[in-house]
Amino acid sequence: MNTHVNAGPRLDSLSVGPFHRRLALLVGLGMFFDSFDNTLSAGVLASVLDSGFSTLELNSLFLSVTFAGLAIGAIFAGWLSDRVGRAFAFQFSLALFGILALCAAMAPSMEVLIALRGVMSIGMGAEYVICYGMITEFIPRGRRGRYLGLLGIFAGLGVSLSSLVGWVVIPGWSWRGMFVIGGVGALIAWWLRRGMPESPRWLESRGRYEEAEAVIQRIERESGVPSAEAGPAPATHQAADAADEKAEWVPITVLFSRPVIRRTLMALILTITCLFGSYAVTGWMPTFFVEQGMTVSKSLGFNAAIMSGYVAGPLLCAFIVDRLGRRQSIMMFGSLAAVFAAIYPFMTAPALVIAVGFVLVATVASFLTLSLGTTPEFFPTAFRFRGGGFAQTVGRVGLIFSPFIVLWLFNSAGVFGVILAVSGMYVVVTLLNAVAGVDTSPEALAEIAPGGDADGGPEGSSITHDARREADASAGPSLSGTSPAVGRPGLDG
């Protein structure tokens, strides 16, 4: 039996082929309907309130349950993906919120709708984690920036079209039609991606070498690699990646072990900032406009024009991130978001309000896409999805409290206080990323891969001392005399 599949290097060395493009489309469809269902709340809640089906108190509970379900789903997705497999979790999460969306369309009362929404949101929260993680698992390292940008475009279109479809559907077909559209779309996406293979990285990590080899050979054939050329990766990365991919099951406490805690903290900081920043900027912008004296109608019109940046930002990512590098791109968009957030409150001319607001939303959306998309790369295969899922869980729990934080800032210092606080967050996270960037190279991940090495105990490094020396030699000297896992900057490896 072949126990040297070397899935990671072989996947990363491929040219993008039909398999990768099909994967990106199917992952993107799931992200689209996830974003669509996640953002239909505004139109639905206005409709159920107007019809007497709900009350303000029940509407608030609906939103709270949604936030809670998203947080639970994120951590659940991490555990399920690492324990059972990426493919099963990928399909389960989409089926869960697709089926429950159809059930929600038939809810006889607001209380039942709230209960269904809570469970439905678990599937939606899981889908966010899994979609970003699948890009890391399958797309070659040097092309991930483009496909993360494409994933962000799908998400942005889901947000934008949810509002547009609601404007058309709700008056003619009631709020129930929104859940029907979202549920049917999600189940169609589920059916289309039913044949997607399991991640060969995960298969190898679980000792299922023959299955991993079969999947890799299929992907290699679709990428134009002749069978005779398919095989183990060059020796420069074999030792490090073998250690990464031949991982054993470890508890989630590995995220807080000494070799990993710095990565976990950086993932938390990026995720909290990108989620809170996106919510504060996009969720409160119409309110800010009204506070500045605009009519509600004019405010919504301005907001619609500015929100198109939610698609434009990820589109820009798709073209430039692989050239700049993901870490450098996160720093660039974080800096731009800080600058435009700082100057935005001072814009008064309508043209400048729209132009600067558009750029602000585009940079915030780009930062969101890249942050959520790259945090899974901080962790080796064995606990990659739990690392990304834990970060998203904490970030989404933070969103439960974010309305109160924004409201306090708004009441204390007005629009300036909210926007400048957001600007400050982007400044801090950009500086931290510059100073304490996380190395995601195969050698660095090998240093924290699970196993029984004495340096890390049951949650430390799994590679042998000989393999460690090979990894260190290929990694080169590290800064400050620390290990490559925690001492070298660089997000792209």
Worksheet, complete the sentence: Flagged in the range 12-29 as within 11 Å of residue 219 (Cα to Cα) and part of a loop (DSSP other than H, G, I, E, B), in numbering order, are 14, 15, 16, 17
Worksheet, complete the sentence: Screening 99, 135, 114 for residues that are free of Cβ contacts under 8 Å to residues at least 60 places away in the same chain and either in contact with a Phe, Trp or Tyr (Cβ under 6 Å, 6 or more places away or on another chain) or surrounded by fewer than 24 Cβ atoms within 10 Å (Cβ to Cβ) (or both) leaves only 114
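With respect to residue 318, determine if the residue is in contact with a helix residue (DSSP H, G or I) (Cβ under 9 Å, 6 or more places away or on another chain) and either in contact (Cβ under 8 Å) with a residue 60 or more places away in the chain or assigned to a helix (DSSP H, G or I) (or both). Steps first, answer last, please.
Working: in contact with a helix residue (DSSP H, G or I) (Cβ under 9 Å, 6 or more places away or on another chain): yes; either in contact (Cβ under 8 Å) with a residue 60 or more places away in the chain or assigned to a helix (DSSP H, G or I) (or both): yes.
In short, yes.
Among the residues of the range 61-77, is any assigned to a loop (DSSP other than H, G, I, E, B), of a type in the set (Val, Ile, Thr) and either surrounded by 23 or more Cβ atoms within 10 Å (Cβ to Cβ) or free of Cβ contacts under 8 Å to residues at least 60 places away in the same chain (or both)? Walk me through how you get there before you give the answer.
Within the range 61-77, the first condition is being assigned to a loop (DSSP other than H, G, I, E, B), and the residues that meet it are none.
No.
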Discussion item. As an exercise: evaluate residue 372 against (1) without any contact (Cβ under 8 Å) to a residue 40 or more places away in the chain; (2) more than 18 Å from residue 423 (Cα to Cα) and give the number of the one condition it does not meet.
Written reply: (1)
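Each row is one residue, and each column tells you yes or no for (1) at pLDDT 80 or above; (2) within 27 Å of residue 61 (Cα to Cα); (3) under 23 Å from the mean Cα position of the chain (by Cα).
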site	(1), (2), (3)
397	yes, yes, yes
416	no, no, no
438	yes, no, yes
454	no, no, no
466	no, no, no
471	no, no, no
483	no, no, no
Worksheet item: Taking the range 34-60, which residues are in contact with a helix residue (DSSP H, G or I) (Cβ under 9 Å, 6 or more places away or on another chain) and assigned to a loop (DSSP other than H, G, I, E, B)?
Response: 39, 40, 53, 54, 55
Practice prompt. For the range 187-208, state whether one or more residues are aliphatic (A, V, I, L, M), at pLDDT 90 or above and out of contact with any helix residue (DSSP H, G or I) (no Cβ under 7 Å at 6 or more places or on another chain).
Written response: yes
Worksheet item: Which residue pairs have Cβ atoms under 7 Å apart, sit 6 or more places apart or on different chains, and have a first residue in the range 152-169 that is of a type in the set (A, V, I, L, M) and a second that is outside any helix (DSSP H, G or I)?
Response: 159/39
Worksheet item: Does the range 361-387 hold any residues that are modelled with pLDDT of 90 or more and among the aliphatic types (A, V, I, L, M), and which are they?
Response: 362, 364, 365, 368, 370, 372
Item to complete: Considering only the range 20-38, state which residues are among the small types (Gly, Ala, Ser) and either closer than 18 Å to residue 396 by Cβ or crowded, with 24+ Cβ neighbours inside 10 Å (or both).
Response: 30, 35
Discussion item. Against the definition (within 26 Å of residue 141 (Cα to Cα) and at pLDDT 80 or above), how does residue 447 come out, yes or no?
Written reply: yes
Response to the item:
In the range 12-37, anything without any contact (Cβ under 8 Å) to a residue 60 or more places away in the chain and polar (S, T, N, Q) is listed as none
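Find the residue count for the range 348-384, including only residues that are assigned to a helix (DSSP H, G or I), crowded, with 23+ Cβ neighbours inside 10 Å and either of a type outside the set (Asp, Glu) or on the phi > 0 side of the Ramachandran plot (or both). Lay out the reasoning, then the answer.
Filtering the range 348-384 for residues assigned to a helix (DSSP H, G or I) gives 350-378, 381-384.
Next cut, crowded, with 23+ Cβ neighbours inside 10 Å only: 357, 360-378, 381-384.
This time we only want the ones that are either of a type outside the set (Asp, Glu) or on the phi > 0 side of the Ramachandran plot (or both), so: 357, 360-376, 378, 381-384.
So the count comes out to 23.
The values are calculated or read from the model by the stated rules, or taken from the named source; none is laboratory data. Keep in mind that this is a model prediction, so the values were computed, not measured. Glycine gets a Cβ as well: all are built from the backbone with ideal geometry, and neighbour counts include every protein chain shown.
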